[in-house]
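*Asks:* Quick one: the structure is below, questions incoming.
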Amino acid sequence: MSAVNVPVVESALLQIADKRQIKTGRERLAEMSPQCGFGELGTCCRTCYMGPCRIDPFGDGPKTGVCGITPDAMVARNLLRETVGGAASHVGHARHVLLTLRDALDKKVPYEIKGESKVLALAKVFDVPTEGRDVVAICRDLVDIALEDFGRQDELPNNWLSKRAPKIEQQLWKDLGLMYSNPHNEIETAMHASSMGNDADPMSLMMRVLKMSLIDGWTGLALAVDLQDILFGIPEIGETEAAVGVLEANSVNVATHGHNPVLSEKILYWAERMNEEAIAAGAERINVVGVCCTGNELSMRHGVKLAAHNSQSELILVTGAVDAMVVDIQCIWPQLAQVAKCFDTAFITTDPMVRIPDARHIPFEPQHADESAREIVGAAIEAFRRRRGKPVDIPQLKSKAIVGLSLEAIVGILSKVDPVDPLGPVIDNVANGNIFGFAGIVGCSSIRFRDGAMTEEMVKHLLAQNVLVVTTGCTAHILGQAGFLTGEATNLYCGEGLKAVLSALGEAAGLDGPLPPVWHMGACVDNSRVVDLLVGVAARLGVKVGQLPAVGSAPELVQEKAISIGGSFLAMGVSCHIAPAPRILGSPMVTQLLTSDLSDVTGAVVRVEVQAERAAQWMVEHIAKKRDALGL
Ligand code: BF8
């Protein structure tokens, strides 16, 4: 490993993998290089069997595909299909939670309402009467409103968009024809329009991209998070630890990986109840740890320790200390089953959509959630019995991390400073420049950017310039492992203004020091919490979200979901940095639209920048322009 600035956790784990002669993603990436230039530019079309067609926009070769499609339309069409992949994932996640909640109300599945206050808050949003009604009846109405969205054929606006999203932005979306009705119909329409011989107008296709992104944001992220808060409770601020050092040599280590807390909550529940069995097997206890987004979910609500982000998911297995890795949906590398085979690790898939050769499959359906979760935890204990006494290699690296900063938790802290106008102190500090602006640093961890610590370096630059950072997804793991989710980081990295604000807030929150400079707001679906925060601040200021001194970034893009989430921010008017470049550079028109002309449409632009300091600098300059426009 000759690369500079490899984060210490990766470095330690890669050394173990090397010692054990286990190939990792980095080697597979190197073997794959150089990667396909046509694919990178987005000018490879596999939509029909006259192709595949490839266009080199810089060369002398053909300038259209066999059917005559232009590179602009090719790129826009490919981008639309990526966005559909992301939106389908989030909408599918949300629908699963919705059906679980529906069945929980009928006592058909072993889950119950833990977030009563969320039910009441949403009742207000959706005009559901509450007077004299019990919470189950109110919740049933909310479920019906959500179910209506999935069944409607009347083209009326989607409830979770039209009632939940801010009115001021909705007017823009109406004018642009972006309001949608049934998300499933829209996914069908997008796949249809992007199949061979349909929409070939790049601008029309790009508007479909924006519409699909809105679906992702409101009927994916917001719906999933709202209902998860009802089922599992609204996260509260708490402390945990992050990085591979949270594994325990003498405990049954159960790593939950994936996205849907319907599974991971039950694993945690049964792990707590099967401790005696683990002790009888010779273990000290059962240690449930979190990987990727479902790890964030469990840490936000229960303080479960964060073991690994996505590009470390195979690396923590090389410790030999993970007794079971149980996965549900999304971002699950097939390679995990192969690495698990080198050890006593039980690699367990649970969802019919995610079948992986050499994995053990234990079907998990909400109706039989308790039985399946018990079987899974039992399999982990069995795996520990096989491992017991064998050496493990756990790098003793971990950091403390403050997590659980839902919007409700943030407002709770701010209320201690000003109970009448909780957002008031934030606004005052934005006005006086102590908080220069906000950055949402979110998304994935990419082995293309881990060497060089792209995310960590960007955040250091932003904090030094008094930009408050909020984070979700694998980025939250990265920043947690690097110590940014602690009060010490405030003292270490922040400019004087931000330090003063966070110190005052930490005191108000009753912490033993400042609030961290990076606020962990959850998993990728929890980007809806970031949006809610921005909507709240914008409403308090009486401006549009896009006018705020705020900017987004997905500094280590991996998954299609990050594209659709980014699109939902753009539709809100929030500009975004991204690295690496999305597959658009083969189209002058799409590149021009996203990096410049979109500012005349929604007020937002995309900036591609693969160098950390330059990326942060662009973000700071963007925030400065927004401040100027607001007269700050
Ligand atoms: O939804 S951050 S690699 S785990 S896509 Fe996946 Fe990216 Fe991680 Fe969560 Ni989000």
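The values are calculated or read from the model by the stated rules, or taken from the named source; none is laboratory data. On a predicted model such as this, the values are computed, not experimentally measured, just so you know. Cβ placement follows ideal geometry from the backbone for every residue including glycine, while neighbour counts extend to all protein chains displayed. Keep in mind that these areas ignore ligands, DNA and RNA; they rest on the heavy atoms of the full protein, side chains included. Shrake-Rupley method; radii C 1.70, N 1.55, O 1.52, S 1.80 Å.
*Asks:* Yes or no: Leu511 farther than 30 Å from Trp173 by Cβ and free of Cβ contacts under 8 Å to residues at least 12 places away in the same chain?
*Replies:* Details: farther than 30 Å from Trp173 by Cβ: yes; free of Cβ contacts under 8 Å to residues at least 12 places away in the same chain: no.
Taking the combined requirement at face value, the residue does not satisfy it.
*Asks:* For Ala369, are the conditions met, namely being hydrophobic (A, V, I, L, M, F, W, C), touching a residue at least 60 places away in the same chain (Cβ under 8 Å) and within 15 Å of Lys266 (Cα to Cα)? Write out each step before concluding.
*Replies:* On the way: hydrophobic (A, V, I, L, M, F, W, C): yes; touching a residue at least 60 places away in the same chain (Cβ under 8 Å): yes; within 15 Å of Lys266 (Cα to Cα): yes.
Criteria met by Ala369.
*Asks:* Look through the range 571-586, keep the residues that are closer than 29 Å to Arg450 by Cβ and of a type in the set (Gly, Ala, Ser), and return whichever of them is nearest to the chain's Cα centre (by Cα).
*Replies:* Looking at the filtered set, the residue picked out is Ala579.
*Asks:* Continuing with the same structure: Considering only residues that are over 19 Å from Val531 (Cα atoms) and open to solvent by less than 10 Å² (accessible area, probe 1.4 Å), which ones fall in the range 423-461?
*Replies:* Within the range 423-461, Ser445, Ser446, Arg450, Ala453, Met454, Thr455, Met458, Val459 qualify.
*Asks:* Go through (1) within 14 Å of the ligand (Cβ to nearest atom); (2) part of a strand (DSSP E or B); (3) β-branched (Val, Ile, Thr) and name the single condition Val288 misses.
*Replies:* Of (1) within 14 Å of the ligand (Cβ to nearest atom); (2) part of a strand (DSSP E or B); (3) β-branched (Val, Ile, Thr), only one is false for Val288: (1).
*Asks:* Okay, next question. Listed residues Val417, Val469, Val459; which is at pLDDT below 95 and within 24 Å of Glu239 (Cα to Cα)? First the steps, then the outcome.
*Replies:* Details: Val469 fails: at pLDDT below 95; Val459 fails: at pLDDT below 95.
Only one candidate passes the filter, namely Val417.
*Asks:* Here are the criteria: (1) open to solvent by less than 10 Å² (accessible area, probe 1.4 Å); (2) in a helix (DSSP H, G or I). Tell me which single one Tyr180 does not satisfy.
*Replies:* (2)
*Asks:* Within the range 392-407, is even one residue within 30 Å of Arg540 (Cβ to Cβ), open to solvent by 40 Å² or more (accessible area, probe 1.4 Å) and in the same structural domain as Val531 (by TED's automatic domain parsing)?
*Replies:* yes
*Asks:* Could you pull out the residue among Ala87, Ala104, Ala73 that is crowded, with 17+ Cβ neighbours inside 10 Å and within 17 Å of the chain's Cα centre (by Cα)?
*Replies:* Every option except Ala87 fails the conditions.
*Asks:* Being within 16 Å of the ligand (Cβ to nearest atom) and not assigned by TED's automatic domain parsing to the domain that holds Cys292 narrows it down to one residue among Arg529, Arg540, Arg583; which is it?
*Replies:* Arg529
*Asks:* Identify all residues within the range 317-352 that are outside any loop (DSSP other than H, G, I, E, B) and under 15 Å from Lys23 (Cβ atoms); write none if there are none.
*Replies:* Our first condition is that a residue be outside any loop (DSSP other than H, G, I, E, B); within the range 317-352, this holds for 317-319, 324-327, 335-341, 346-349.
The answer is Leu317, Val318, Gln335, Leu336, Ala337, Gln338, Val339, Ala340, Lys341.
*Asks:* Does Val470 satisfy the condition of being in the same structural domain as Val610 (by TED's automatic domain parsing) and within 16 Å of the ligand (Cβ to nearest atom)?
*Replies:* So Val470 fits the description; yes.
*Asks:* I would also like to ask the following. Just a yes or no: is a residue in the range 246-260 at pLDDT 95 or above, of a type outside the set (S, T, N, Q) and over 28 Å from Gln396 (Cβ atoms)?
*Replies:* As a first pass, look at the range 246-260 and keep what is at pLDDT 95 or above: 246-260.
Going one step further and asking which of them are of a type outside the set (S, T, N, Q), we end up with 246-249, 252, 254-255, 257-259.
With over 28 Å from Gln396 (Cβ atoms) added as a condition, the list becomes 259.
So far as the range 246-260 goes, yes, one or more of its residues are at pLDDT 95 or above, of a type outside the set (S, T, N, Q) and over 28 Å from Gln396 (Cβ atoms).
*Asks:* Within the range 560-572, is there a residue that is surrounded by fewer than 21 Cβ atoms within 10 Å (Cβ to Cβ) and on the phi < 0 side of the Ramachandran plot?
*Replies:* Going residue by residue through the range 560-572, those that are surrounded by fewer than 21 Cβ atoms within 10 Å (Cβ to Cβ) are 560.
Adding the requirement that they be on the phi < 0 side of the Ramachandran plot leaves 560.
Yes - at least one qualifying residue is present in the range 560-572.
*Asks:* Quick one: in the range 189-245, which of the residues that are more than 22 Å from the chain's Cα centre (by Cα) and open to solvent by less than 30 Å² (accessible area, probe 1.4 Å) is farthest from Ser599 (Cα to Cα)?
*Replies:* Taking the candidates together, the pick is Gly245.
*Asks:* Another question about this same structure. Is it the case, given these coordinates, that Gly320 is more than 16 Å from the ligand (Cβ to nearest atom) and of a type outside the set (Asp, Glu)?
*Replies:* On the way: more than 16 Å from the ligand (Cβ to nearest atom): yes; of a type outside the set (Asp, Glu): yes.
Yes: the conditions hold for Gly320.
*Asks:* For the range 402-430, give me the residue count where each residue is outside any loop (DSSP other than H, G, I, E, B) and touching a His at 6+ places or on another chain (Cβ under 9 Å).
*Replies:* 2
*Asks:* How about the range 18-62: which of its residues are open to solvent by less than 100 Å² (accessible area, probe 1.4 Å) and of a type in the set (D, E, K, R)?
*Replies:* Correct list: Arg20, Lys23, Arg26, Glu27, Arg28, Glu40, Asp56.
*Asks:* Does Leu557 count as over 26 Å from Trp160 (Cα atoms), assigned by TED's automatic domain parsing to the domain that holds Thr471 and either within 16 Å of the ligand (Cβ to nearest atom) or in contact with a Leu (Cβ under 6 Å, 6 or more places away or on another chain) (or both)?
*Replies:* Against the criterion (over 26 Å from Trp160 (Cα atoms), assigned by TED's automatic domain parsing to the domain that holds Thr471 and either within 16 Å of the ligand (Cβ to nearest atom) or in contact with a Leu (Cβ under 6 Å, 6 or more places away or on another chain) (or both)), Leu557 qualifies.
*Asks:* Within the set of pairs 6 or more residues apart or between chains, which connect a residue that is acidic (Asp, Glu) inside the range 251-278 to a residue that is open to solvent by less than 10 Å² (accessible area, probe 1.4 Å) with Cβ atoms less than 6 Å apart?
*Replies:* Glu277/Ile381
*Asks:* Would you check if Ala523 is at pLDDT 95 or above, open to solvent by 10 Å² or more (accessible area, probe 1.4 Å) and small (Gly, Ala, Ser)?
*Replies:* Numbers: at pLDDT 95 or above: yes; open to solvent by 10 Å² or more (accessible area, probe 1.4 Å): no; small (Gly, Ala, Ser): yes.
Answer is no for this residue.
*Asks:* Out of (1) open to solvent by 10 Å² or more (accessible area, probe 1.4 Å); (2) in contact with a Gly (Cβ under 9 Å, 6 or more places away or on another chain); (3) of a type outside the set (D, E, K, R); (4) away from the ligand (no atom under 14 Å from the Cβ), what's the single condition that is false for Ile329?
*Replies:* Unmet for Ile329, out of (1) open to solvent by 10 Å² or more (accessible area, probe 1.4 Å); (2) in contact with a Gly (Cβ under 9 Å, 6 or more places away or on another chain); (3) of a type outside the set (D, E, K, R); (4) away from the ligand (no atom under 14 Å from the Cβ): (4).
*Asks:* Go through the residues of the range 288-301 one by one and say whether even a single one is in contact (Cβ under 8 Å) with a residue 60 or more places away in the chain and open to solvent by 10 Å² or more (accessible area, probe 1.4 Å).
*Replies:* Scanning the range 288-301 turns up at least one residue that is in contact (Cβ under 8 Å) with a residue 60 or more places away in the chain and open to solvent by 10 Å² or more (accessible area, probe 1.4 Å).
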